[in-house]
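S.K.: Take this structure, written in structure tokens, and hold onto it; I'll ask about it next.
Readers should treat all values here as calculations from the given coordinates under stated rules, not as data from a laboratory. What you see is a predicted model, and the numbers here were worked out from it, not measured in a lab. Note that each Cβ is placed from the backbone with ideal geometry, even for glycine, and that neighbours are counted across all protein chains shown.
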Amino acid sequence: MRLVVLGNYRTTTEANLVRSRLEAEGIAATVSADVSSLVPPLELAEGVQVLVYETDRAAAYEVLERVLPG
């Protein structure tokens with residue numbers, strides 16, 4: 001199965017919140033840069049990517065539309 005980028009987030013905290021919500025809905029997700037052990041959290045210029053399996057992309061977008069404002 002192929003991983004695809006679902007979205008880019010400014011911080012690892014934001015990306016991990018999205019990942020956790022997707023996993024709570026039964027959708028496997030991963031964060032591109034697991035630097036959560038750094039204090040303070042590293043903010044990457046390109047953003048931190050949340051990736052899902054290509055077959056789960058549509059369902060993942062539906063979850064995000066339902067739980068994230070605007």
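S.K.: Work out from phi, with θ = phi - 60° and the Karplus expression 6.51 cos²θ - 1.76 cosθ + 1.60, the ³J(HN,Hα) of each residue of the stretch 4-14, listed in order in whole Hz, and give x for Gly and Pro.
M.R.: Calculated HN-Hα couplings, in order: 10, 6, 8, x, 10, 10, 5, 10, 5, 4, 4 Hz.
S.K.: Taking 7 Å along the Cα-to-C-beta vector as the label spot, tell me the Ser20-Leu64 distance in nanometres, rounded to one decimal.
M.R.: Taking the two extended label points, one gets 1.8 nm.
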